[in-house]
Amino acid sequence: MSEDAANSAPHRPVGARWRRWYEALTTTRLTKLGAGLVCALFALAVFGPAVSPYDPAAQALAHRLEAPSLAHPLGTDQLGRDVLTRLLHGARLSLGIAIAVTAVRLSLGTAVGLVAGYVGGWVDEALMRLVDTLLAFPGIVLALVIAGILGPSLTNVMVALAVVGWASYARLVRSSVLSVREREFVTASRLLGRSRAHVLGRHLIPNVVAPVVVLATLDVGGVILGTAGLSFLGLGAQPPTPEWGTMLASGRNYLRTAWWLVNAPGVLIMLTVFGFNLLGDGLRDALSPTQSAHIEQL
Amino acid sequence: MMNELLRVEDLHTHFDSDQGTVHAVDGASFGVNRGEIVGLVGESGCGKSVTARSIIRLEDPGRIVSGRISFDGRDLTRADEATLRRVRGEDISIVFQDPHETLNPVFPIGDQIAESVRIHDGGSSQGLLDFLGVPPFRNRTAWNRAEDRAVELMEQVAIPDPNGSAAEYPHEFSGGMRQRAMLAVALASDPNLLIADEPTTALDTTTQAGILRQIWTLRDQRDMGVLLISHDIGVVAQTCDRVVVMYGGQVMESGPVDEVLTAPKHPYTRALLECSPRNLGRDERVSTLEGSPPDAVGGHDGCPFADRCRLATSDCRSGDIPVVESDPGHRVACIETPADSRGTPTVAASGQPRNVVAPDGGDEK
Amino acid sequence: MRYLLKRLVTTVLVLGGVSILTFSMTALTPGDPAVAALVEQTGHQPSEETVVAFREQHGLNEPFPVRYADWAIDTLGGDLGQSYSSEQTVASMIGQRLPNTVELAAASMVIAIAIAVPAGVASAVNPGGRVDYAAQFGALVGVSMPNFWLGYLLIIVAALWLDLFPVAGSGGLDHLVLPAVTLGSGMSAVIARLVRTTMLDVLDAPYIRTARSKGLRERIVVYKHALRNALVPVVTIAGLQLSYVLNGAVVVEAVFQRPGLGTLLVDAIFARDYPVIQGVTLLVGVIFVLTNLAVDLTYRYLDPRIDRRGEPA
């Protein structure tokens, strides 16, 4: 998406656009911290499982509930499995799910927003009422109900989270489209006889990219929390899948004896979400100062 | 100088900006006597407002770098927060420009005036709960007394139906009424010095005249000193006893209104007068001052007006510009002011041939 | 008045949408909802007759629009139907659980505001300072913390190690503290950030300078003149935080095993007790829509500049 933006940006040379993104990522210390955290997590998710000497599913009942040690830096769980290894496998799962769900939300929402904003009329009216209705529900509650009725599984959680989360993108994109639509260069190219689709591609999309990317970055954290939360409630990944929320849930019977079972996944979820939030905040401040208030409201 | 109320001496107030340090006030000196209305004139950006705010020490985000502001013998530049609060609550009041936003939009006008009364009456003990007006915590009699006083003050500044208006919010007032309300807020503390920063700029002529008349009357009744800041020479000519002309953060010329405005000595004052439509005859065209006020970043060496002045010589651009007292109480900061004119009372003799300044070079007859 | 009317009409429309969405959720069930519900209840595949009897008993043989109309009319009359898995009506089940959730929501809102307002103000009074930096960092950590983990963390520290509060369940005030802190601290992070932004804006306003010029103490300038103006947007967002409360209540009630709407919903989902799921979901949607309406109206009251002219004097 951002590549399209760079290539079709009406006024800026390609290099300047990329430089803007790079600068946005490195302006403040906190943003750098966020970018660092996110990169580190991706590295752990990609390489961690290969490096770890343990099998995430191999039970070793002789070593159950062992406290953190050199052999098991984050201890073992009630079935003697290495917690760190399971967390690393879980990172792969959580990041993958979060990105997939966010991508679906983003595409769906952007498409709806573009259509509503550009076509206008009753189509706009109908789509926006749908958006209102969706936004009228607290997201997790709705996702919980949808996932629950579909039946407990990680796929259903993903579907549910994607279905409930696209509405804010639609609203954001629609308002960006409306504000861009009336601007002179759009009118000018319409007058020059360009087709609607052409105008859309050339002028509107580049202008909505920045706010949408910011929203998506902030959203990834939310999706991670949502997946973990639903899994925690028993609707998502089922044991023995090493999903963070599921691991946390199965650790709750050992709060007194094995505190690391809930805290290790807890800390990791927090760090991940924290990283994406820092990154999103930094991007927002750097890329769209005028739109920041707008995004905050969503 | 027995009755001198305020003395500003070599005041420097700076701001930090992206471009560098802005020398908003760059060595200004002047005074205000009891019962006297002093006009502070100059183009926008010349440092008038910052000077005004510096006097009551609300110079944020600027900072006073050096100089002395003495009020009634106290040095305000060195005063602590508590003293400053007392001075603001009892001695010096200020009316700000822009009447749209100077009153708090979420409180009724009467409350905002009464609050000033309470500060004045309550001394230094300001409890948060007292001022939030939470009924069980407030002193009922004092509270009501302040409200009555607020209505009285609204009557004094000629707000119609003061009783009813007290409960209204600022957005329900017209611009002129808001400015009167602001005046009432300022007068609630019974100040010795009133600073009015462009109090009539945003208003139409009739309202403007009304408010200026009000300031006059109040000065006579209370023997206050008034510092009236304006970019409008006409307003100053009508209202003030003395005038201080500022440019580039410095005082160019100061003295009695009749003298300065009829026989200006400083090229800048003359240029300013030529730009004022009120001083023109029927057929004359308004002239304009060419160029724009100097960039105050980094301050100036020499005279700040040198770049726009036709009489400027190389001496004007470096070193100190002497301040000459040409007549008693009439000071001019210009190399060109002939020293021999000192004490010469007549207008004609004081270097008249020289005042063919015409900064724009166009409209001389 | 005109605005109010328009607002009410859209609210009713959205409520209609909410009810359709809620009701049609059943259609998502893979296979036959009646069979699914019976499997959860009895633990084995039901016989043909039981299914037919079940359908008959719960009116599942009607076509969808008829069922929706029946349900919607009953709902308007306050009748949410009969639970599949218990002998109670849905309304009475909700009635038993709702007070617990309201209690939790209210307590956590109080905690959130008690933390957020002073923190946000302290940040804004000295932006870029140490306090600001710490508060902002803390707020970001708070936003990022999954509340189920925070809940267990509090249980481990405050209940198990320090033995200050009971671990779980519901009852007196001491049962409320940990869940409310869990839910409230996450919320406070969002509100604190908002208080900071709006206070920064407001503190720059000319009327703040006027307040200072009157000789007011800085404390009064900040807490009376500035905060009252900053509260306008804060109330809006704090109200919209109800969404967060309801989301969070589901999880937090599960952590602390509190009988509330959240646990009722989760239990109903696992039991495939559709009338209960529909009832709770609808209630949540309605609460949320009505809160938004209430927030909007409060906003108008707090900011006298809005919509006062329309009213007769």
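Computed with a 1.4 Å probe over protein heavy atoms only, the accessible area of B:Arg317 comes to about 110 Å². Remark: segment C:15-76 carries 58 Å² of accessible area per residue (probe radius 1.4 Å; ligands, DNA and RNA excluded). For chain C, just say rounded, prolate or oblate: build the C-alpha gyration tensor, square-root its eigenvalues into a ≥ b ≥ c, call rounded for a/c under 1.5, and beyond that prolate if a/b exceeds b/c, oblate if not. Because a/c hits 1.5 or more and a/b fails to exceed b/c, chain C counts as oblate.
Taking every DSSP beta bridge with both residues inside the protein assembly as shown, roughly what % is antiparallel (nearest 5)? Restricted to the protein assembly as shown, the bridges split so that about 65 percent are antiparallel. Note on A:Ile140: accessible area approximately 40 square angstrom, rounded to 10, probe 1.4 Å, nucleic acids and ligands left out. With the whole protein complex present, B:Asp148 retains an accessible surface near 100 Å², based on a 1.4 Å probe.
Scattering from segment C:15-76 was approximated by placing one identical point on each alpha carbon and applying the Debye formula without solvent; log10 I(q)/I(0) at 0.15 1/Å stands at -0.52.
Given a cut-off of 39 Å, what percent of all Cα-Cα pairs of the protein assembly as shown lie beyond it? Counting pairs separated by more than 39 Å, the tail of P(r) holds 58 percent.
Modelled spin labels at B:Glu4 and B:Leu311, positioned 7 Å past Cα toward Cβ, are 2.7 nm from each other. Listed by chain and number, the lysines whose alpha-carbon sits under 28 Å from that of C:Lys224, ignoring those within fewer than 8 places in the same chain, are C:Lys214.
Tell me what the protein assembly as shown gives for mean residue ellipticity at 222 nm when only DSSP H runs of n ≥ 4 count, each as -39,500 (n - 2.57), the sum divided by the residue total, rounded to 500 deg cm²/dmol. Mind showing how you got there, number by number?
Details: 38 runs with 545 residues, N = 976.
Only helices count here, giving -18000 deg cm²/dmol.
Calculate how steeply helix C:130-144 sits against the longest principal axis of the alpha-carbon atoms of chain C, using the helix alpha-carbon long axis, and give the answer as 0 to 90 degrees to the nearest 10. Roughly 10 degrees, rounded to the nearest 10.
What does the C-alpha gyration tensor say about the overall shape of segment A:207-270? Classify as rounded when a/c is under 1.5, otherwise prolate if a/b is larger than b/c, or oblate. Mind showing how you got there, number by number?
On the way: a/c = 4.28, a/b = 2.42, b/c = 1.77.
Prolate, because a/c is 1.5 or more and a/b exceeds b/c.
The length gained by stretching the chain between C:Val131 and C:Leu13 to full extension, at 0.36 nm per residue less their Cα-Cα distance, is 37.9 nm. Here's the picture: a label point sits 7 Å out from the Cα of B:Leu132 along the beta-carbon direction, and within segment C:205-249 the residues with their amide nitrogen under 11 Å of it are C:223-224, C:228.
Add +1 for every Lys or Arg and -1 for every Asp or Glu among the other residues with Cβ under 13 Å from the Cβ of A:Ala249, and state the total.
Result for the neighbourhood of A:Ala249: -1.
Within 10 Å of each Cβ in C:240-250, how many Cβ atoms from other chains are there, averaged over the peptide?
That works out to 4 on average.
Using R₀ = 45 Å, calculate the FRET efficiency as 1/(1 + (r/R₀)^6) where r is the Cβ-Cβ separation of C:Val110 and C:Phe64; round to 0.05.
Plugging the Cβ-Cβ distance into 1/(1 + (r/R0)^6) gives 0.55.
The values are calculated or read from the model by the stated rules, or taken from the named source; none is laboratory data. These figures come from a predicted structure and were not determined experimentally. In this analysis, Cβ positions are derived from the backbone assuming ideal geometry, glycine residues included, and neighbour counts consider all displayed protein chains. These area figures cover heavy atoms from the full protein model, side chains too; ligands, DNA and RNA do not enter into them. Shrake-Rupley method; radii C 1.70, N 1.55, O 1.52, S 1.80 Å.
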